[in-house]
1. Would you point out the residue of region A:14-25, among those that are crowded, with 20+ Cβ neighbours inside 10 Å and within 11 Å of another protein chain (Cβ to nearest Cβ), that is farthest from residue B:66 (Cα to Cα)?
2. Would it be correct to say that residue B:18 is out of contact with any helix residue (DSSP H, G or I) (no Cβ under 6 Å at 6 or more places or on another chain), assigned by TED's automatic domain parsing to the domain that holds residue B:124 and under 26 Å from residue A:117 (Cα atoms)?
3. Against the definition (within 17 Å of residue B:287 (Cβ to Cβ) and either part of a loop (DSSP other than H, G, I, E, B) or open to solvent by 10 Å² or more (accessible area, probe 1.4 Å) (or both)), how does residue B:141 come out, yes or no?
4. Consider region B:82-95. How many of its residues are β-branched (Val, Ile, Thr) and at the interface with chain A (Cβ under 10 Å from one of its Cβ atoms)?
5. For region B:373-411: of the residues being modelled with pLDDT under 90, assigned to a helix (DSSP H, G or I) and open to solvent by less than 10 Å² (accessible area, probe 1.4 Å), which is nearest to residue B:440 (Cα to Cα)?
6. When residues of region B:27-44 are filtered for being in contact (Cβ under 8 Å) with a residue 60 or more places away in the chain and open to solvent by less than 30 Å² (accessible area, probe 1.4 Å), how many remain?
7. If we keep just the residues of region B:41-70 that are over 23 Å from residue A:74 (Cα atoms) and among the charged types (D, E, K, R), which is farthest from the other protein chains (Cβ to nearest Cβ)?
8. May I ask you to verify whether residue A:3 is in a loop (DSSP other than H, G, I, E, B), farther than 26 Å from residue B:36 by Cα and away from every other protein chain (no Cβ under 11 Å)?
Amino acid sequence: MSLDPAILALLAGPVAICIAGRDQDLRPSLCYAYGCRAMDSGAMLRLILSRSEAGPVLRDIAANGHVAAVFSDVRSFRTLQIKGIDARVEVSDPADRTYSQAHCHNIAEELVTLGYAPGPAQRFFTAPEESDCITIAFSPAEVFQQTPGPNAGARLRRGETLAGSKTTPDAAS
Amino acid sequence: MTAIDLTSLRASLEGAIPSEIATCDAAGIPNVSVISDVHFVDPEHVAISYQFFSKTRANILANPWASVLLKHPHTCAQHRVSLRYLRTEHEGPLFETMKAKLAGIASHEGMSGIFRLLGADIYRVMEIELVRGDLLPLPQPPVALLSALRASLGQLRFCRDVDSLVATLLACLEREFRLPHVMLLMADPSCDRLYTVASQGYPESGVGAEILPGQGVIGVAARERTPIRLTHATRDYLYGRAIRDALRASPMAAQLETEIPLPGLSQSGSQIAVPILGPAPGRDGLLGVLYAESPEEGRFGYDEEDALMILAGEIAAILRECADAAENAQDIAPPVAAVPVTEGQPLTIRHYRADDSIFIDDAYLIKGVAGAILWHLLGTFERTGRVEFSNKELRLAPQIRLPEFSENLEARLILLRRRLAERSPHLVIDKAGRGRFRLNLARPVRLIEAEA
């Protein structure tokens, strides 16, 4: 499915990204991602990870394709989660690596604008070295509103936008 | 046990930065949630706040496995911690500690009122994995805590009475721990209130101010017998008008001190309250609360909490020794009569029996036990001319409805002395040797037993 423009805008902005997989015993694993490229209007997402950080996640995704990724805007805490079942591990291409560098640079700048003194806040978003980059590609199957609060977990239906989205509280994510 | 000790990661468990938790439902669909806080319980357990019935919660009830990412707020080191859900606690010390911490975090993130703690989900730590090492050096701590503790314990060891204990403690907190804004409150043995014996670092000392258990950081620490720490101070736990209103609304309002406000920084960044616990279990075990605050956010971490808890343990031991010494004190010194004071305008001292409140020249001084003590001293002086007294005779005086433990008498005397020093320069109580004190009057007094 393609993604709503508001969702694509959020993914392209200064978002912290965390992704999870799970093993055959349903034990979850997670790690950070350092950028998400949305291809074909979001029909395919490419998440750039650090191979050295992502060991268990890469192993789990390679084994079963299940993935959940959370995107949280550092300016507004606006957060959404996208899940897929066809995730695969791919070699990062040059565009992935360039994108990851730019994404981390943008977040660091945004944090300075928000008033965080240069230091740990920026260093959290250190893009992986070129040789350490690895990519997870998947097509979004479901999108959930995840901004902290009682409506976190509501599924976003096709056509709903993030801002003023109609939520379905029974569809907890 | 895992190869990495969770205790060494406590800085990553302060809630300074949101964490993420991954869970998985019974159908095998993973889920990630951003959580405000992973709380250190002990080296083998953490607790995560349960605020909403979220997908995370549904998942752990169906499949107990979870994984969290911890980030060091200064070095940017990352650890992945594999967890197994055990149970949920809905009340008690851990719950209250997390509730206070959550309120601080919520306030810091502009989300007061959105975060509400429904439970503390307890997890066993199964495995800890280093994801990324330090990217930045660890900053120097503001205080070398072990050294501050050693120096303080070395000085406190020589305290033989509550008076010197209080003075030494305040000096150590400022000099060794670099905590300029502190308060010491003692618990009434019936445990229905705490009263301020000493403070430093505030324009008004607030000596004599009382609070009820459960109010603010100090009251919750007292009620739950557990340290309460706010890394980002929040209105939810601040004192002031709300607390005084609660005091006045209490069924015991007539007996509570409502006229003296508790001091506090107007721009408080961090706060910590640690209970001073004696050997008795349960409610009787609470001797008092030591409180510190700072305009700086994040000033008090787990290490400061450990250090102040050790200090509080030493304070409890010394209080017990002082009480034992007072019990065994011999009342041998002969009574000393005063040289009559004839000069100056008499001080009019009014006593209201209903609540033992004392007014000096129409200005409120104190009420309760401290008021009863002062009225007893002045009455004895008026009848006999005697100005020297022993703690022991006060303990035996029936009109002073003294609590059971004598450390409380000494603490009440300290607060009375300090309150007089602040409010009435012509009426002074000085120490006159161990277990004894002297009433010094610079002006004649006129005592009036007033009707309510």
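1. Out of the qualifying residues, it is A:16.
2. In short, yes.
3. Answer is no for this residue.
4. So the answer is 0.
5. Across region B:373-411, the extreme among qualifying residues is B:394.
6. 4
7. Selected residue: B:42.
8. Working: in a loop (DSSP other than H, G, I, E, B): yes; farther than 26 Å from residue B:36 by Cα: yes; away from every other protein chain (no Cβ under 11 Å): yes.
For residue A:3, the condition - in a loop (DSSP other than H, G, I, E, B), farther than 26 Å from residue B:36 by Cα and away from every other protein chain (no Cβ under 11 Å) - is met.
The values are calculated or read from the model by the stated rules, or taken from the named source; none is laboratory data. Source: prediction; values computed, not measured. Note that each Cβ is placed from the backbone with ideal geometry, even for glycine, and that neighbours are counted across all protein chains shown. The protein model used for the area step is the full one, side chains on, heavy atoms only, and it has no ligands, DNA or RNA in it. Shrake-Rupley method; radii C 1.70, N 1.55, O 1.52, S 1.80 Å.
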